[in-house]
Amino acid sequence: MFMRMKPITFFVSVFVVVTVLLPALLVLPYSSKSSFLLETKPKEIKRAAIPSLASTLAVPVYRTAEKKVEKVALEEYVKGVVASEMPADFKLEALKAQALTARTYIARLLDSAQGGNLPGGAAVTDSILHQVYKNDDELKKLWGDEYPEKMKKITKAVAETKGKILTYDGKPIFASFFSTSNGYTENSEDYWGTKYPYLKSVKSPWDQNTPKFVQKQEISLLDVEKRLGVVIQKDGEVGTITEKTAGNRIARITIDGKSFRGKEIREKLGLRSADFTLTKKKQEVIAVTRGFGHGVGMSQYGANGMAKAGKNYKQIVKYYYKGVAISEYKPDPGRSTAKQ
């Protein structure tokens, strides 16, 4: 016998069908393929990380030997510079400091378009004109069987400073560095004539007793006279030092009545440092130098000495670069060097 359903019972039945049975019927055919969505709690679903602009940046490097431009991912470029500019057997903290300087140096060039009129729109060369850079294949040939161990260490140093640069007033600094000090670094204005507030002379005692602290070069008397435009007649010490820099290098020296800057003598004679003595001995001039390089910024052997003494990379860079901060590199989003 047919019984008429009461209105309230009808509505309850419809509610059950709509809210319970219908969704189950819709999901059931796809349940075998949708177990992840069904079983995973919302908090366990992770969003894919959005890469930073710096991580997608490519550095256009002019390869001087091949005469071509090679685009290199930023962090790979930093690895190639650290591997080329600092001995891989240096302490890890020194290598980290070098990674910061290398990344900062190129960041400043990229952000301010200071690379110059290089071929193919390159921002930097692979030579000492900027920073020495070698790619992975070149390093494998250079290091041979030692490549895996050395590259593992370089990679660690770069990874542990990834994306970090040195800034002053929020801008990348001119992160100059050199091999070995004479016991002091140099004020930037004393060598280049340009004053940077963070490139100040500091003591660097860690460089002593390192391979490049004191070196001797022999140059023919004829070459010296020709390059300097002087005549040197008597044997013995050449020239009279008239002024020294804050970094204890020669600021001015007089030779045969002519006044020269220490930097000028260094460059014309190809000396390793502007802290030098010149001595004539018959037809030779013997140059004895202390330190190796221009002396401005971070001393690499000094950084390694600090690392050996227990200092970390942050302490190292903040010692050699005064008043700087370690910041995240945020390149100009309009840079054309971003990977396409």
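Since every read-out is calculated from the coordinates, none of them should be taken as a lab result. These figures come from a predicted structure and were not determined experimentally. Cβ coordinates were reconstructed from backbone atoms using ideal geometry, including for glycine residues, and neighbour counts include every protein chain displayed.
List of remarks:
- Annotation: aspartates and glutamates with alpha-carbon distance below 14 angstrom to K282 (same-chain offsets under eight excluded): E218, D223, E225, D235, E237.
- Eligible aspartates and glutamates near K195 by straight Cα distance, threshold 12 Å, same-chain separation 8 or greater: E186
- Remark: for residue pairs K156/K311; K164/K244; K96/K203, the C-alpha separation exceeds 28 Å in K164/K244.
- In terms of other Cβ atoms within 10 Å, D111, D126 run from fewest to most in the order D111, D126.
- Other residues within the sphere of radius under 14 Å centred on the Cβ of A65, judged by their own Cβ, net out at 0 (K and R +1, D and E -1).
- With 31 Å as the limit on Cα-Cα distance, the pairs of K67/K140; K91/K171; K68/K263; K68/K226; K134/K314 that go past it are K68/K263; K68/K226.
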